[in-house]
Structure formats: C-alpha cells, structure tokens
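First up is the structure itself, then whatever we jot down about it.
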Amino acid sequence: MKLYYEAYGCALNRGETEVAIGKVKSIRIIRNLRDAQLLLISTCVVIEYTELKMRKRIAALNALKKPLIITGCYVSAFPQETEGGGARIKYISPGNSDELAAAIRGFAVEKKGERTKGANRLLAPPMKNAVGIVPISSGCLGSCTYCITRLARGGLASRPIEAITRDIKALAARGACEIDLASQDSAIFGKDIGSSLPSLMSKTSSIEGDFVVRIGMMNPEGVLPILGDIISAYKDDKMFKFLHLPVQSGSDRVLKAMGRRYSVGNALTIVAEFRKAFPGITISTDVIVGFPGETGRDHALTIKALEKMSPDIVNVTRFSARPGTPAAAMPGAVHGRIAKARSRELTALRLRLGKERNERYIGEIVRCIATERGKRGTTVARTVEYKPVILPGRVRLGTWHSVEIVSATAVDLRAKMAKRRV
C-alpha cells in the first residue's frame, strides 16, 4: 500500500509518527498525493494559528476521499470533533505508536492482494537524511496555565530504556549520524519508571556507532535537581553540546502566572553552569510574549534576561489563548498591537544575539559532521556544539570534516573545506 504522510509540530510528534510507520512492512512511503492509497496527518495545536492550519489541511486531505488517519494533539485536544467519518477515517490519539501502526496496518490489509513494489521492510522509522528521531517519553508533570499540549498528552509516560536503545541501535545501523531524543520535557524522563535522564544518556553513550545524540527540550524545574548529573553525562563525546531550556519570560511574576515552577534566576544559573562546563555550548530558549497581565516592565525584564543569557537561538511566540486552559480565562489581555510590537522587538534582539554569537566563529577551523541535504545543492553539517554549518556541494552524509568558517548569519555558519585538520 502506498502511504503519504505529513507530520507537524515538535520532534516528539514527528518521531512518534515515524516510529509507527517503521513498524509496518506492507507499505511504500511516497511523496505525492495523487498516487497515495492511504493518507496520514500528524497534527499540532500548540497555538491558534497552528490549529487553524491543521483544520484547513485536514479538510483538504479529507476532500480527496481517500482513507485518512488523523493523529497528534488535535485528536485528543478536540475529542468532540473526532466522531464520525465512517470507515474511511480513523482518529488515533498521540503517544501510542503501536495503535497508530495497527491503524496503518489495518488499511494496508484491505489491499493485501496487491503487490507493493518497494514495500517498507525497515525495522526502524524512516529518517530525514541522516537524522533519526527517537521518542523517549510523552506527557509531562507540569501545570503550565497556557499549555494545551499538557491537556492533549496527559501525564508523564516514559519508554523503557531498553526500547529506546534498541531504536537507537537500529537507526545507527541504517546510517544515522544524528539521533534526536524527543520528549515534552526530557529532564523528567524516567521519574515514572524509576530511572532518569542521566541514566539514559549513560546507556546511550555506550552504544557502538559513529553518531551523536541531541537531547531535546528540558524545562528548568526538571533540570535543577539533577543539574550536576546531567552536565556530567553531557561530557561524553556522543553528546552534542546543545541545551534547549525555555525561560518563557524574564519576569518572575509572569512565570508564576504561567504556572512555571522556577525563577528567572534558576534558569540563568542553569545556563551559567552549562557554559562553565562547555564554553561553546549552543543555548536555545523559548519566550512567550503578550501573556495576560504582562506589563511594559515585564517585557523589559524579558529583554534583560535574554541579554544576560545570550542564547544562540530564541523562539519567540505570541501568546495564544488555548481552549480549556486556565490562561484563556485570565484577565489583563495584552492588546494585539502591543503584543506585535513586543514580538518584533524580541525578534530583532534574537537576530542580533544570534549573529553576534555566530560571528565569533569567523576565521576558525572547526570539526563538523554532515547530517542533511541543504538548499541549492549545499550540505548541512553540525559542529559538536550543534551549530549548523552550510557546506558547498553534496558532501557524503555521516562524514566528519574540518572546515574554515568564512561568514555567519543569525542562524548558521558558512564554511569551506579547511587545508588542515582539527
């Protein structure tokens, strides 16, 4: 059976989809709707804009009158809308790759008399270039007042370490040189099964193969109790020196209203400790602008916190009231015009900080591994600090190179092959 799929949102959502697809052997993955016999869309509803985009895309796919599987957070966030559709449409809640695989397999059985050339006989999920995603847990232990994903996915459900390492080994055997461990909150992995993130990292580091692991987003409140152990685990050569730590606001008052159980000082301490251990580490953070009750002073504190943190990457999101969340009913809505102005200011700051940090690399010779195909015939590589490096030409994926950084933008480094190795 010929399957066409689209996966939106976070790495966890995409990873769960790809794991499920990898469990079905009787399908062929194709990239055009016209020839597809089964359609699959894995959805995201983190903000209103994304939700509207998902609704529009679902309607477009549904209009094709082909068998359709809808999964991801849309399904569990809006259960009242997942009724009907008949035998042609199936709704699968996020977080269960076995159930999703069974749904795909169920449609494929209907075509069992057909010979599917090039059927998927992989024992691991499909990869984007030489990058593989391995989900490590779903759900969280947080109480963020704005988050619909928490409502959609529920409490923490960690996967057994044995299952995770098995997936990593399978991806490495297929040539994955970057493996992303995906979760809503990686720092709390294992709390429900008597394990921990440092334990998982230690097991991962012992797996043979020429690959490097990127740890997914970690909330500050989960990092604080195991900060030293996490930093120790990061020292292994198999770990990208990359930290995604969402601060969300530079105002402790706003953080409290958001239900975030840490202070700005806590977040800054975590970043400082990581930078002390790994001076060149890439820091990524998230900021929500225009949260209910946010004042001009709160916004100024966010700018101040970002200046202190000096992150390489800042994901700026304007507050979006999500149905069923406490924040949706909070007073003190920030006018759209003000929120847009603050967002533009933070975006300008993000670009300035990113460019300043990247320009420090100009003239340096660094080591990087080719992971993906880039635009216009280029190749994307990653330094050990997970800096994206744009290399000219088609470089063989999975290979390490010494390159000289010749220029930089706010989001990446540009390089040429170096005459000497590092």
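The values are calculated or read from the model by the stated rules, or taken from the named source; none is laboratory data. These numbers were taken from a predicted model, which means no experiment stands behind them. Note: ideal-geometry Cβ built from the backbone for every residue, glycine included; neighbour counts use all protein chains shown.
Summary of values
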{"item": "Residues of segment 58-80 satisfying the condition of being in a helix (DSSP H, G or I) and more than 25 Å from the chain's Cα centre (by Cα)", "result": "ALA59, ALA60, ASN62, GLN80"}
{"item": "Where ARG31 falls short, out of the listed (1) surrounded by fewer than 22 Cβ atoms within 10 Å (Cβ to Cβ); (2) within 25 Å of ARG174 (Cβ to Cβ); (3) in contact with a Lys or Arg (Cβ under 6 Å, 6 or more places away or on another chain)", "result": "(3)"}
{"item": "Residue match in segment 383-395 (condition: of a type in the set (Phe, Trp, Tyr), within 23 Å of the chain's Cα centre (by Cα) and within 27 Å of MET309 (Cα to Cα))", "result": "yes"}
{"item": "The lone exception for TYR91 - which of (1) over 22 Å from GLY139 (Cα atoms); (2) more than 22 Å from the chain's Cα centre (by Cα); (3) not in a helix (DSSP H, G or I) it fails", "result": "(1)"}
{"item": "Tally of residues being in contact (Cβ under 8 Å) with a residue 40 or more places away in the chain and either exposed (fewer than 15 other Cβ atoms within 10 Å of the Cβ) or aromatic (Phe, Trp, Tyr) (or both) across segment 370-393", "result": "1"}
{"item": "Residue check for ARG31: closer than 27 Å to ASP180 by Cα and part of a helix (DSSP H, G or I)", "result": "no"}
{"item": "Number of positions in segment 130-145 that are in contact with a strand residue (DSSP E or B) (Cβ under 7 Å, 6 or more places away or on another chain) and either in a helix (DSSP H, G or I) or crowded, with 21+ Cβ neighbours inside 10 Å (or both)", "result": "9"}
{"item": "Single match in ARG367, ARG420, ARG352, ARG396 (criterion: out of contact with any Gly (no Cβ under 7 Å at 6 or more places or on another chain) and without any contact (Cβ under 8 Å) to a residue 40 or more places away in the chain)", "result": "ARG396"}
{"item": "Any hit, segment 76-84, residues being modelled with pLDDT of 95 or more, among the polar types (S, T, N, Q) and outside the structural domain of ALA327 (by TED's automatic domain parsing)", "result": "no"}
